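Report on the following structure.
The values are calculated or read from the model by the stated rules, or taken from the named source; none is laboratory data. Nothing here was measured: the structure is a model prediction, and the numbers come from that model. Here Cβ is always computed from backbone atoms with ideal geometry, including for glycine, and neighbour counts include all displayed protein chains. The area values use the complete protein model at the heavy-atom level, side chains included, leaving out ligands, DNA and RNA. Shrake-Rupley method; radii C 1.70, N 1.55, O 1.52, S 1.80 Å.
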Amino acid sequence: MGSHFAEKNPEDTLNLMEDLSVQYVNLEELANQQSHETQGFTSRSLVVRRGAPFRVTLDLKGRPFNPQTDTLIFKALLGRLRVSFPVTFSKEVSLSGWGACFSQEGLNPLAPSVFLSTPASAAVGQYSLQLHVLTQICQKAYMVGRLILLCNPWCREDAVYIPFEDQRNEYVKNESGLLFMGPPSNLVSRPWSFDQYEPGILEICMMILQLSPQHSRNHKQDYLSRGDPVYISRVVSAMINCEDDRGVLKGNWSGDFSQGVPPSKWTRSEDILRLWAKSGFSPVKYGQCWVYAAVMCTVMRVLGIPTRVVTNFNSAHDTNGNLVIEEFYSETGMKLPQTTESIWNFHVWVECWMTRPDLGSGLDGWQVLDPTPQERSGGVFCCGPAPIRAIRDRQVDLPYDVPFVVAEVNADVHMVVVRQGQVISRSIDTERVGSLVCTKAVGLPRPCNITANYKATKAPSSGTRSRGSSVSPRGTLSRGSTQGLSVSLALLKMPVSGESISFAVTITNMEAIPKVLKEHVNAQAKTYDHSPSDTFWESHSLIQIAPLEVKVLRHHIGASQYEGLVGEDLVNLAVVLKDQASSQTFLASEEINVPSAELSIQVSDEDSIVPHKEYQAVVAFINPFSVPVSGILTVCAAGLIEGKAHSRIHLLQPGGSVERTVSFTPRMVGVKMLQASLTLENHPAVVRGFHMVPVKAP
């Protein structure tokens, strides 16, 4: 952007005599966007944050400005709302209202500089900025330009102020992140590019507000409400899904994605937002929870509201509000179809940082918002903002949707073994739901355990620490016991693609009598949000155990038996023991994932990368599968690569390797994520990799 030439409005001209007039207005884009932390945005509008002054310079012609006889008045218009404010000689700009004052550096009568200020509670949106010039003989009006006003987490008076610079960098400015999936015992990191600085994304995010039902019903009230991040966040939460409006994403959990893109194939928000805008704002097919959350994170960061993506592992969907979820197993260890209530292996939402004056003191800070359409809130498919502190303290009488989120992290699991419709065993697990809640660590590509923020009464899982720690897997996966016998299920090592899944069943006889047991071990494939499918591996054996003996039984599921499941699927492992004498049954179960193979990325000159120079990255892949594979390699990086780089990988034999070199040119300083994905044509796995690229000032 260069200088903005002012356009005279002939209808407002009262006198066309030669007099003081404005030739153009320089919006000082580079200096303003640097001081407002908006320098990454590329827009035809000036992008600034509320609650902070910005500078414009007027180029006058005809005659110099005379402070004794001339008056300058700015007018900001948001739809039909408008506010006028004269330019004064005040020594300080006001942050409590709209205002303008001449620079104190000395008034240049032919090129005066003016500081404009906006209130820290001003409505977010795209404004038109006008300048009215009043002299003794005429009045003239000029269209100065467009002004996009965002929330300001750098301003103490703003409701979204967050006090630490590293958090502002992470939760507002960071263009990339990690989404965490899988079971908590061996979670998977998935790279995501938020793309908030990519050209056109800012304007698309503004259209999300303009197309909302709230705006359609009452333009004026919507604009008046946009100063409140609570209001903005609810609007965006509803608009990310398309259930009630012209929202961005259409959800699909059926497994049939033939009419769109499978959720697992998305890797960046830009692709989704551009497709939505290009289609005339028709919903993009398809999304699931992590896609909804990642796109909402982009929109909220664009609007200036600090946001992070959060994963709740073993997330309960409690439809009747009793904080109990029932799971049913057959006596041979097969997990049976669930009821309307369910536990997702993981569920992803966002947290946004804001004050909550509507709820009183003590509930400021992080708020849960969930754009995935699960239940209606106020008649609309949205969720939040629900204060984290209210969730932890179970203040279920508060808006918005606190009881629903409390159930997602705190419900008990009743595990029921049935035979011919009759219950033969029941056990209760109070630890599984919400066993781990995590987000990306500030400034580091690893998970941060924030479970203690949600669950005051339960300590974090063994091997984990509280806020700021990395996350370690549990050793023991699941345990079932009664007074006389206990059984536990544990992985012998973390699963690796191409190798056997090895686990141990440990049986402890706690009585001084021998026992004969029937062991049934079962493995089923499942997606994170559904009941398992049919059994793909099982083992049955008769076991004799001596008094007070501890017996360890090792089991191995060969790579060829599960290879078709690698990728998005998980494995539900269950063991059922039946005491042949007493007919008592004992159940232990857990769900695991087998991480897919990864792409390796190496970057040249990594310690000396600066903007506007070209560098190379080498992406490498070794085929770990038992069959030849081929596919398309896609490399993208917000701030490093324009668009995407595609390359075909031809038939690669088992154990074979391939490399591809990709060039990139950084646009700006900061740590950028270069990510690659290999979509295979004859295998269900999607192979991914990422590398953080530090771009330094020259």
Of SER90, SER258, which has the most accessible area with a 1.4 Å probe, and how do the rest follow in descending order?
SER258, SER90
How big is the accessible area of ASP605 in square angstrom, nearest 10, if you roll a 1.4 angstrom probe over the protein chains?
90
Based on the alpha carbon coordinates of the range 402-458, what radius of gyration and maximum Cα-Cα distance (Dmax) apply, in Å?
16.2, 54
With each pseudo-label sitting 7 Å past Cα toward Cβ, what's the ALA697-SER342 distance in nm, one decimal?
5.1
From the helices alone, meaning DSSP H stretches of at least four residues, give me the mean residue ellipticity at 222 nm for the chain, per-run term -39500 (n - 2.57), in deg cm²/dmol to the nearest 500.
-3500 deg cm²/dmol
Mind checking the per residue accessible area of the chain for me, 1.4 Å probe, whole number of Å²?
40
Over its alpha-carbon atoms, the range 230-335 yields an Rg and a Dmax in Å of 16.7, 54
Once Lys and Arg get +1 and Asp and Glu get -1 on their Cβ, which of GLY558, VAL505, ALA620 lies farthest toward the positive end of the dipole of the range 486-627?
VAL505
One finds, for LEU651 and ASP256 with R0 = 25 angstrom and r their Cβ-Cβ distance, a FRET efficiency to the nearest 0.05 of 0.30
At R0 = 60 Å, FRET efficiency that the Cβ-Cβ distance of ARG146 and ALA456 yields, to 0.05:
0.80
Hey, got the dipole for the chain? About the Cα centre, +1 on K and R Cβ, -1 on D and E Cβ, debye to the nearest 20?
460
Pairs of Cα atoms under 8 Å, at least six residues apart: use those to get the relative contact order of the chain, whole percent.
9
Can you tell me the length gained on complete extension of the stretch GLU549 to VAL618, counting 0.36 nm per residue apart and subtracting the Cα distance?
19.4 nm
Of ASP244, ASP393, which has the most accessible area with a 1.4 Å probe, and how do the rest follow in descending order?
ASP393, ASP244
Between ARG80 and THR57, what is the label-point separation in nm under the 7 Å Cα-to-beta-carbon projection?
4.0
Between their Cα atoms, which of LYS91/LYS696; LYS335/LYS515; LYS526/LYS551 are more than 31 Å away from each other?
LYS91/LYS696
In the range 113-218, the GluC sites (Glu not before Pro) that sit in a DSSP loop and have at most 14 other Cβ atoms within 10 Å of their own Cβ are GLU157
At a probe size of 1.4 Å, how large is the accessible area of MET692, to the nearest 10 Å²?
50
Full extension from MET207 to VAL423: what is 0.36 nm times the residue separation minus their Cα-Cα distance, to one decimal in nm?
72.3 nm
Expressed in nm to one decimal, what extension gain is obtained for the pair ASP607 and SER103 from 0.36 nm per residue of sequence separation less their Cα-Cα distance?
177.3 nm
Given Cβ charges of +1 for Lys and Arg and -1 for Asp and Glu, the option among GLY639, ALA441, ALA52 whose Cα lies farthest towards the positive end of the dipole of the chain is ALA52
Express in Å², to the nearest 10, the accessible area of HIS650 obtained by rolling a 1.4 Å probe over the protein heavy atoms while all chains stay in place.
130
